[in-house]
Each structure stands twice: as C-alpha cells, then as structure tokens.
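Read through the structure below, which is laid out as structure tokens, and then see the notes.
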Amino acid sequence: MEPVTPLEQALHAARALVLADLVAGEVAEADVVSLVEDAVAERRWWVEQWPDGAAYVAGLIAQDVQDALLDRYGRWPLCPVCGTGDPHALDVEPELGPDPHWVCHKAGVKVAAVGALRSATGGMASS
Ligand SMILES: [Zn+2]
C-alpha cells in the first residue's frame with residue numbers, strides 16, 4: 001500500500017468538513033454528496049499543480065459546493081445569525097487561505113469554522 005500523501009489528507013479532511021456542514025444544514029442527500037465528490041476531484045487536480053495550496057482546499061471546496069448548490073438548490077448555508085430580513089447565505093473567508101470560516105457580511109460576524117456549522121445552527125434546530 002502506498003502511504004497517504006499530505007495532499008490526500010488535506011482533500012480528505014476538506015471533504016469531511018464540507019460534508020459535516022451539509023449534514024448540519026440537512027442537505028446531505030446523495031446527489032449533493034456527489035457535488036462534493038466532483039469538487040474534491042477538481043481540487044485534487046488543482047492542488048497537484050500547486051501543492052502549497054493544500055491548506056486552502058477546505059475553503060475552496062466549500063465555495064465550489066456553495067456555487068454548485070446555488071444553481072441546483074439555492075442559497076447554502078443560510079445565515080443562522082440574522083433573525084430578520086431576507087434570508088441570505090454565509091460566505092467563506094478567506095476565499096483563498098488557510099483556516100476558512102463562514103461569515104455573515106450583513107451582521108459582520110464570523111459564524112463558525114468551515115466544518116463546524118452544526119455548532120452554530122444546532123441550538124436553533126433543537127428548540
Ligand atoms: Zn446574516
């Protein structure tokens with residue numbers, strides 16, 4: 001068996017983080033999971049060309065999936081912070097950097113790390 005490369009580890013971790021956020025938003029259906037697989041496959045090629053970008057793949061894959069969902073399902077993830085006004089999606093920051101977070105630009109707050117949306121939305125779902 002070949003050892004797991006750091007690139008594969010980064011991709012695997014990114015996939016797990018984005019899937020965790022999809023589960024938190026209850027949109028982790030089979031066809032949505034395949035969107036994640038597509039995004040991971042594209043970013044595998046990308047990060048093979050630019051290994052220094054390995055720390056960025058989680059934020060990039062989150063944005064890729066967000067874009068793909070916008071076409072097919074609508075906005076994701078919806079902001080759990082703003083209780084009033086139009087429903088709006090969170091954005092990933094930094095767009096290209098390590099340690100990505102979901103932020104609400106309307107309220108100007110960091111909502112959760114990518115992969116930790118459940119902690120931001122769980123309280124609302126259970127009440
Ligand atoms: Zn908001």
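Please treat every number below as a calculation from the coordinates, not as lab data. None of the values given here were measured: they were computed from a predicted structure. Neighbour counts run over all protein chains shown; Cβ positions are idealised from the backbone, glycine included.
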**Report entry** Residues (among the small types (Gly, Ala, Ser), in contact with a helix residue (DSSP H, G or I) (Cβ under 7 Å, 6 or more places away or on another chain) and touching a residue at least 12 places away in the same chain (Cβ under 8 Å)) located in segment 1-34
**Finding:** ALA10, ALA13, ALA14, ALA20, ALA24, GLY25
Report task. For segment 65-78, indicate whether the set of residues that are near the ligand (Cβ under 10 Å from one of its atoms) and either under 16 Å from ALA14 (Cβ atoms) or out of contact with any Leu (no Cβ under 6 Å at 6 or more places or on another chain) (or both) is non-empty. Result -> yes
Query raised in the report: Give me the pairs: first residue in segment 41-53 and closer than 11 Å to GLU8 by Cα, second residue acidic (Asp, Glu), beta-carbon distance under 8 Å, and six or more apart or on different chains, which are they?
Result: ARG43/ASP64
Query - Cβ-Cβ under 6 Å pairs, at least 6 apart or on other chains, segment 79-98 side buried (at least 16 other Cβ atoms within 10 Å of the Cβ), far side in a strand (DSSP E or B) and among the aromatic types (Phe, Trp, Tyr) - result: LEU90/TRP102
